[in-house]
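*Asks:* My questions will all concern the structure given below.
The values are calculated or read from the model by the stated rules, or taken from the named source; none is laboratory data. Because the structure is predicted, anything quoted here is derived from the model rather than measured. In this analysis, Cβ positions are derived from the backbone assuming ideal geometry, glycine residues included, and neighbour counts consider all displayed protein chains. The area values use the complete protein model at the heavy-atom level, side chains included, leaving out ligands, DNA and RNA. Shrake-Rupley method; radii C 1.70, N 1.55, O 1.52, S 1.80 Å.
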2 protein chains.
Amino acid sequence: MEPSTKSRILDAAESLFAELGFRAASMRVVTQEAGTNLAAVNYHFGSKEGLIAAVFERRLGPINAERLAGLDALQQTDADGPSPELEAILAVFLRPAFRLLEDPQARQFPRLLGRIHSDPDRDKVRELLFEQMVELRDRFVPAFARSLGCQDQVELMWHLHFLIGAMAHTLTCADDIEWISEGRMQTPPPEELLRRLVTFAAAGIRAGVAPPGDANPGTTEEPR
Amino acid sequence: MEPSTKSRILDAAESLFAELGFRAASMRVVTQEAGTNLAAVNYHFGSKEGLIAAVFERRLGPINAERLAGLDALQQTDADGPSPELEAILAVFLRPAFRLLEDPQARQFPRLLGRIHSDPDRDKVRELLFEQMVELRDRFVPAFARSLGCQDQVELMWHLHFLIGAMAHTLTCADDIEWISEGRMQTPPPEELLRRLVTFAAAGIRAGVAPPGDANPGTTEEPR
DNA sequence: GTCTATAGACGGATAGAC
DNA sequence: GTCTATCCGTCTATAGAC
């Protein structure tokens, strides 16, 4: 079955937005790549902004549903047992985006997803992102907190902020390692990226968090 | 003394590029903000791309010089003693950019610096960035390696990659914490951001690195 | 649903006066 | 060094035929 004009536009837009950015990827180039014309975008999506939103809607819902389902599975397994391991929660959160890197149909989306956090044009999908993030936050932050046995939610939130940054940079710029190492290193398969990031983030998130029962853990001395 | 037209253009460009992105900030808006006109940019910088490069040249040199001088000072102090602490090296690397957040003249540049890693338009300053990065890499990577007493440079490089991501996200999007927490958290002063990031990154970088003398440290088991 | 053609705004760059 | 006026290309969006 031939893919519809609508989905061909979405595919072309996803790929070109990821490669060139929202602004540099003009609707002319997108529609040319999709084998159609300018008017088709306005017919199906109303405007360029509508197209941008549609590109995110198509992938972000499934990704976040997979994250939440993964967390469900993790918590269900040992509902009355101990809390899941930090590493397991991290992997459940991170894997859906990294797995897309292996999907020929969707390989470019993770780049877009990584960049959207810092993109000056993110306002165009801000509401969409916020709704999804609130749901993730309400499920994952308590899960992390319980796993760490910690009360310092402020420190946890900052560590999760750093995790988001490391994740975004890896989804968007993993190949930079080849550039900076001048070819001595190569970008490994997504599963290895994921494993390295989980190791790094788990240790970072645990840092400064008291083992349960300790007094005043959070703040360490000034590094100098 | 009146600031020159040239420096007024640089100030306006820095601020507007940080706020709107390179593409959305048109030369018309930049020159209007600088109280001058389109032709002045081409006279002083040759083109918009020349202006973008000049905005980075003005700040990036001093920042990286400060980083290298800081590392010099650290290594000089105990030249024949033990290697400097990981936390100290991290702070020396990170502080120059975070300190700019407190400079009313340069507050916007760190946002730009954080975003440039993932910006689709980064090609416009790519050579400039690369030269500076190579020098930083050649000084800091060995310093980190020595401080960790580790041979696994591959793992170290990835952990530094994650650090760059966390740093970039924090420089560019620190205020997101207010948005995501729906106002329950506020963005702290730069020194506190720096302290939290150093704590997180030091633990992350140490993760999976063997204490000197261990066998086959790097790879941990698959998280699942 | 899909197309061509075009409107209408805005982009960077430049010529040439001062 | 700085300005005004203008060229010319590209952008998004839409009108209207099929």
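*Asks:* Peptide B:191-201: average number of partner chain Cβ atoms within 10 Å per residue? Can you show the working numbers first?
*Replies:* Values: counts 1, 2, 2, 2, 6, 11, 7, 5, 12, 15, 6.
Mean shielding count: 6.
*Asks:* Give the carbon-plus-sulfur fraction of the accessible surface of the protein assembly as shown in %, rounded to a whole number; probe 1.4 Å, heavy atoms of protein chains only. Numbers along the way, then the final one.
*Replies:* Numbers: 10070 of 20540 Å².
Whole-percent figure for carbon plus sulfur exposure: 49.
*Asks:* Counting only C-alpha contacts under 8 Å and six or more residues apart, can you give the relative contact order of chain B as a whole percent? Show your work: numbers first, answer last.
*Replies:* Details: 194 pairs, mean separation 44.3, N = 224.
Relative contact order, chain B: 20 percent.
*Asks:* Roughly how big is chain B's charge dipole about its Cα centre, with Cβ charges of +1 (Lys, Arg) and -1 (Asp, Glu), in debye to the nearest 20?
*Replies:* Using Cβ point charges on Lys, Arg, Asp and Glu, chain B gives about 580 debye.
*Asks:* Which one of B:ALA40, B:ILE63, B:SER15 is farthest out on the positive end of the charge dipole of chain B, using unit charges on Cβ (Lys, Arg +1; Asp, Glu -1) and the Cα centre as origin?
*Replies:* B:ALA40
*Asks:* Tell me, what ³J(HN,Hα) does each residue in the stretch B:106-122 have, in order and in whole Hz, if you take phi through Karplus 6.51 cos²θ - 1.76 cosθ + 1.60 with θ = phi - 60° and put x for Gly and Pro?
*Replies:* 10, 3, 7, 4, x, 4, 5, 5, x, 7, 4, 4, 10, 6, x, 8, 5
*Asks:* Provide the gained length on full extension for the span B:VAL134 to B:ASP72, in nm with one decimal, where the gain is 0.36 nm per separating residue minus the Cα-Cα distance. All intermediate terms of the calculation are to be shown ahead of the outcome.
*Replies:* Values: separation 62, 0.36 × 62 = 22.32 nm, distance 1.67 nm.
Answer, rounded to one decimal: 20.6 nm.
*Asks:* How would you order A:82-91, A:13-22 from highest to lowest mean count of nearby Cβ atoms within 10 Å?
*Replies:* Values: A:82-91: 19.1, A:13-22: 22.2.
For the peptides A:82-91, A:13-22, the packing ranking is A:13-22, A:82-91.
*Asks:* Okay, next question. With θ set to phi - 60°, apply the Karplus curve 6.51 cos²θ - 1.76 cosθ + 1.60 along the stretch A:8-24 and write out the HN-Hα couplings as whole Hz, x wherever there is a Gly or Pro.
*Replies:* 5, 5, 4, 4, 5, 5, 3, 5, 6, 4, 5, 7, 10, x, 4, 6, 6
*Asks:* Next question, about the same structure. Nothing charged except the Cβ atoms of Lys and Arg (+1) and of Asp and Glu (-1): what's the magnitude of the dipole of the stretch A:1-46 about its Cα centre? Round to the nearest 20 debye.
*Replies:* Numbers: 4 positive and 5 negative charges, 38 e Å.
Using Cβ point charges on Lys, Arg, Asp and Glu, the stretch A:1-46 gives about 180 debye.
*Asks:* Can I ask one more? What is the magnitude of the charge dipole of the stretch B:14-106 about its Cα centre, with +1 placed on the Cβ of each Lys and Arg, -1 on the Cβ of each Asp and Glu, and no other charges, expressed in debye to the nearest 20? Don't skip to the end; give the middle numbers.
*Replies:* Numbers: 8 positive and 13 negative charges, 124 e Å.
Result for the stretch B:14-106 is approximately 600 debye, rounded to the nearest 20.
*Asks:* Set the Förster radius R0 to 51 Å, insert the Cβ-Cβ distance between B:TYR43 and B:GLU85 as r into 1/(1 + (r/R0)^6), and round the FRET efficiency to 0.05.
*Replies:* After rounding to 0.05, the efficiency reads 0.55.
*Asks:* Taking the Cα centre of the stretch A:56-206 as the origin and placing charges on Cβ (Lys, Arg +1; Asp, Glu -1), which of A:GLY165, A:ILE116, A:VAL154 is farthest toward the positive end of the dipole?
*Replies:* Checking the options against the dipole of the stretch A:56-206, the answer is A:ILE116.
*Asks:* Quickly estimate the mean residue ellipticity at 222 nm for chain B, helices only: each DSSP H run with n ≥ 4 gives -39500 (n - 2.57), and the total goes over all residues, rounded to 500. All intermediate terms of the calculation are to be shown ahead of the outcome.
*Replies:* Values: 10 runs with 150 residues, N = 224.
Computed ellipticity for chain B at 222 nm equals -22000 deg cm²/dmol.
*Asks:* Take peptide A:38-46, look around each residue's Cβ out to 10 angstrom, count Cβ atoms belonging to other protein chains, and average those counts. Write down the numbers at each step before the final one.
*Replies:* Values: counts 0, 0, 0, 0, 0, 0, 0, 0, 0.
Across the residues of A:38-46, the mean count of other-chain Cβ atoms within 10 Å is 0.
*Asks:* If Lys and Arg each add +1 and Asp and Glu each add -1, what is the summed charge of the other residues whose beta carbon sits under 10 Å from the beta carbon of B:ASP119?
*Replies:* Values: positive: A:ARG115, B:ARG23, B:ARG115, B:ARG122, B:LYS124; negative: A:ASP119, B:ASP121, B:ASP123.
Overall, the nearby charge balance is +2.
*Asks:* Something else about it: Output ³J(HN,Hα) for the stretch A:196-206: one whole-Hz value per residue in order, computed from phi by the Karplus curve 6.51 cos²θ - 1.76 cosθ + 1.60 with θ = phi - 60°, and x for Gly and Pro.
*Replies:* Along the stretch A:196-206, the couplings run 5, 5, 4, 4, 4, 5, 4, 5, x, 5, 6 Hz.
*Asks:* Let me ask something else about it. Cα to Cα, under 26 Å, and not fewer than 8 places away if on the same chain: which lysines meet these conditions relative to A:LYS48?
*Replies:* Cα-Cα hits under 26 Å: A:LYS6, A:LYS124, B:LYS48, B:LYS124.
*Asks:* Need one number: buried accessible surface between chains B and A, 1.4 Å probe, both sides summed, DNA, RNA and ligands left out, in Å² to 100. If you can, show how the numbers build up before the last one.
*Replies:* Numbers: alone 13240 and 13260 Å², together 20540 Å².
Chains B and A together bury roughly 6000 Å² of accessible area.
*Asks:* To continue, here is another question. Which order, highest average first, do A:106-117, B:158-169 follow once you tally other Cβ atoms within 10 Å for each residue and take the mean per peptide? Write down the numbers at each step before the final one.
*Replies:* Details: A:106-117: 22.2, B:158-169: 25.9.
Listed from highest to lowest mean packing, they are B:158-169, A:106-117.
*Asks:* What shape does the protein assembly as shown take by its C-alpha gyration tensor, where a ≥ b ≥ c are the square roots of the eigenvalues and a/c under 1.5 counts as rounded, a/b above b/c as prolate, and the rest as oblate? Write down the numbers at each step before the final one.
*Replies:* Details: a/c = 1.68, a/b = 1.10, b/c = 1.52.
Taking the square roots of the gyration eigenvalues as a ≥ b ≥ c, the protein assembly as shown is oblate.
*Asks:* A further question follows. In 10 Å bins starting at 0, how do the alpha-carbon pair distances of the stretch A:1-46 split up by percent?
*Replies:* 32, 57, 11, 0
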